[in-house]
1. Regarding region 54-75, can at least one residue be identified that is farther than 25 Å from Thr254 by Cβ, assigned to a strand (DSSP E or B) and open to solvent by less than 20 Å² (accessible area, probe 1.4 Å)?
2. Quick check: is even one residue across region 377-385 under 29 Å from Val175 (Cα atoms), surrounded by fewer than 20 Cβ atoms within 10 Å (Cβ to Cβ) and either in contact (Cβ under 8 Å) with a residue 40 or more places away in the chain or among the β-branched types (Val, Ile, Thr) (or both)?
3. Residue under question is Ala288, and the condition is that it be under 27 Å from Asp61 (Cα atoms), part of a helix (DSSP H, G or I), among the aliphatic types (A, V, I, L, M) and open to solvent by 10 Å² or more (accessible area, probe 1.4 Å); does it hold?
4. Please give the number of the condition Met335 fails out of (1) over 16 Å from the mean Cα position of the chain (by Cα); (2) more than 20 Å from Asn78 (Cβ to Cβ); (3) surrounded by 15 or more Cβ atoms within 10 Å (Cβ to Cβ).
5. Which members of region 358-376 meet the condition of being in contact (Cβ under 8 Å) with a residue 40 or more places away in the chain and either assigned to a loop (DSSP other than H, G, I, E, B) or among the aliphatic types (A, V, I, L, M) (or both)?
6. Taking only region 55-82 into account, find how many residues are hydroxyl-bearing (Ser, Thr, Tyr) and touching a strand residue (DSSP E or B) at 6+ places or on another chain (Cβ under 6 Å).
7. Of a type in the set (A, V, I, L, M, F, W, C) and free of Cβ contacts under 8 Å to residues at least 12 places away in the same chain: does that describe Ala292?
8. If a residue must be open to solvent by 30 Å² or more (accessible area, probe 1.4 Å), modelled with pLDDT of 95 or more and either under 18 Å from Leu299 (Cβ atoms) or not charged (D, E, K, R) (or both), how many such residues does region 172-202 contain?
Amino acid sequence: MPRPLRVIAATFALLLVTACNSASSGGSGSSSVRGVTADTIKVGGIVSMTTASGYSKKDTDLGARARYDRANAEGGINGRKIEYLGAEDDGQDPGRNLAAARKLVQQDKVFAVSPMSSVTFAGADFLDAQKVPTVGWGTLPSFCGPAHLYGFNGCLVPTPGGTLNQTWPEGLAAVLGGARGKSVALIAGDNDAGKFGIRTFTQGFKAAGFQVAYAKAVVPATSMPSDWSAYTKEILRSGPGGGAPDAVISVMQTPYNIGLFTALKRSGYKGVISDPTDYDPGLLAKDATKQALDGVHVLLQFQPFEADTPAMRQFKADIEKAAGGKDIPLNMHMMTGYMSADLFLAIAGKAGKDLTVESFQKAAAGFADTGTLVGDRAEPKGQKESFGCGALVRLRNGRYEVAVPFKCYPPIPFG
């Protein structure tokens, strides 16, 4: 081989070896780390933006964007800006959820998925197998155990051997003056989230001292009933002596709750009504909705918006800025997106400049912080149990008020 050609070949070989060494080391400028460049981290989300019932979690996307925007304004994470692609709409459909996960990883090449908020998570196994750090609302078992999946406030639906968050039972016990001698009826949709919700809350309310008079996941998940009488009659005869229970607890979404609560009130029910989703000032624009939700106690797993704390003031300022300076009504979906992004950012920050999936996982394995909007956080605890904190708010005369202040409760074993 002539000398010039040998020089060129040697130079090319040296460059190739250097590139390979750089790639294998996972260096800060390496293109081998999916979604990570020298100055950006690519992140996407999966959210039920549209659903057959009309219920939407679209503001989850706004909440995430608000938190990522602030992180970028503050210089990013170890010098890298977050390139947030926005949230894919899974339409609350398992097939679309999996398709969204595949698109984000295989087409968009994201490093992480945060937020993920839906009642279905068909993409969970794929994301975990592809080693994609994923943070979302841990209301499904998929967030409880898989190595790369994290609930922003922990694992809310644990597997046997885990623990249960007692915020709802203990909060309602405070509202009712104690659980002793009190009965509750639990109702949910006929889907995975509903079935797991019934199972876990049945155990939780019994452990708190309540009599669980009714616990069924029977409401069609894809078509909202036009007539709720069959459900209300059964519920209102489920209490002691065939009477009404002291509390009716719905583990369903807003359109279903409005129908159920309206029917209960028309039947003359005077007990406590509670659910985990209807903390949304935007719902109060319609008189019928406002009447249906009046008096309802809503479970929160974060500080109420009415709390005057530095963290809450920061959240409100970030949301307003992301909304273009508009003073828009706050809702729990914004918080879901915001705190999903916040947990991802906190762990990624601890992972350091050399960000890889391995360094992220190592940082998560020893992660802990305190005083956040969801209380004290810790991993891998959060992959086995919730962070155990929450509050109850009550709608009264068109305004939400704190019924049971934000507090962290000791969890109980789940079996």
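1. no
2. Yes, there is a match, as at least one residue in region 377-385 is under 29 Å from Val175 (Cα atoms), surrounded by fewer than 20 Cβ atoms within 10 Å (Cβ to Cβ) and either in contact (Cβ under 8 Å) with a residue 40 or more places away in the chain or among the β-branched types (Val, Ile, Thr) (or both).
3. So Ala288 does not fit the description; no.
4. (1) is the only condition that Met335 fails.
5. Ala364, Leu373, Val374
6. 2
7. Considered against the rule, which asks whether it is of a type in the set (A, V, I, L, M, F, W, C) and free of Cβ contacts under 8 Å to residues at least 12 places away in the same chain, Ala292 comes out as no.
8. Residues that pass the stated criteria total 6.
The values are calculated or read from the model by the stated rules, or taken from the named source; none is laboratory data. This structure is a prediction, so every number in the text was calculated from the model and none was measured. Backbone-built Cβ (ideal geometry, glycine too); neighbour counts: all protein chains shown. Note: accessible area is taken over every heavy atom of the protein model, side chains too, but ligands, DNA and RNA are not part of it. Shrake-Rupley method; radii C 1.70, N 1.55, O 1.52, S 1.80 Å.
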